[in-house]
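Asker: Sharing a structure below in structure tokens format, with a few things to ask.
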Amino acid sequence: MIAVLDPGVVLRAHRRDGDPLELRGTEHVARGALSARRFAPYVRPALINGAAGVLAFDGERPFAVLAFTVVGDRAVAIDVFNDPEVVAKLDIRGITA
């Protein structure tokens, strides 16, 4: 995973009740991804607002969205949304559960 992350990558986990949690740098973001690996069976690729991303499903409905900002061949930002109201407003294409 580290090979596709820009050294200055930022992961922002947007929360309903406060400021986003931020992880900065390849090592911290990769560790954060490893801590969420239990969700891997429920994740599918998708276009989120026209950009690369993934959806995590709970049955037939997505419960979380990861949207990637890619420059060149590296991810420079990852935004995680798990607020159902925010997820419902995103333009999500290309995948179903």
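Asker: May I ask you to derive the FRET efficiency for Arg15 and Arg44 from their Cβ-Cβ distance with R0 = 22 Å, giving the value to the nearest 0.05?
Answerer: Given R0 = 22 Å and the Cβ-Cβ separation, E is 0.45.
Asker: At 0.36 nm per residue, and after removing the present C-alpha to C-alpha distance, how many nm does the segment from Asp83 to Ser35 gain when stretched out fully?
Answerer: 15.3 nm
Asker: Ok, one more. Which one, Gly32, Val76, Val10, is farthest towards the positive end of the dipole of the chain when Lys and Arg carry +1 and Asp and Glu -1 on their Cβ?
Answerer: Looking along the dipole axis, the top candidate is Gly32.
Asker: Take every DSSP beta bridge whose two residues both sit in the chain, then give the antiparallel share in percent to the nearest 5.
Answerer: If we restrict to bridges inside the chain, about 80 percent are antiparallel.
Asker: Comparing Asp73, Asp83, Asp17, which has the greatest mean-square fluctuation in the GNM of the chain with Cα pairs linked when under 10 Å apart?
Answerer: Ranking Asp73, Asp83, Asp17 by mean-square fluctuation puts Asp17 first.
Asker: With +1 on each Lys and Arg Cβ and -1 on each Asp and Glu Cβ, and nothing else charged, work out how big the dipole of the chain is about its Cα centre, in Debye to the nearest 20.
Answerer: 200
Asker: Rounded to the nearest 20 Debye, what is the dipole magnitude of the stretch 3-43 about its Cα centre when Lys and Arg each give +1 and Asp and Glu each give -1 at the C-beta?
Answerer: Value, rounded to 20: 200 debye.
Asker: Quote the relative contact order of the chain in percent (integer), defining contacts as alpha-carbon pairs under 8 Å separated by 6+ residues.
Answerer: 29
Asker: I would also like to ask the following. Hand me the trypsin sites (Lys or Arg not before Pro) from the chain located in a DSSP loop with no more than 16 other Cβ atoms within 10 Å, in residue order please.
Answerer: Arg16
Asker: A further question follows. What does the charge count around Leu11 come to, taking other residues whose C-beta lies under 11 Å from its C-beta (Lys +1, Arg +1, Asp -1, Glu -1)?
Answerer: Residues near Leu11 contribute +1 overall.
Asker: Mind checking the angle between helix 26-35 and the chain's longest principal axis? C-alpha axes, 0 to 90 degrees, to the nearest 10.
Answerer: Approximately 40 degrees, to the nearest 10.
Asker: Something else: If each of Glu27 and Arg93 carries a label point 7 Å out from its Cα toward its Cβ, how far apart are those two points in nm?
Answerer: 4.0
No value in this document is a laboratory result; all are computed from the given coordinates. Note that the structure is predicted; figures quoted are calculated from it, not measured. Every residue, glycine among them, receives a Cβ derived from its backbone with ideal geometry; neighbour counts consider all protein chains shown.
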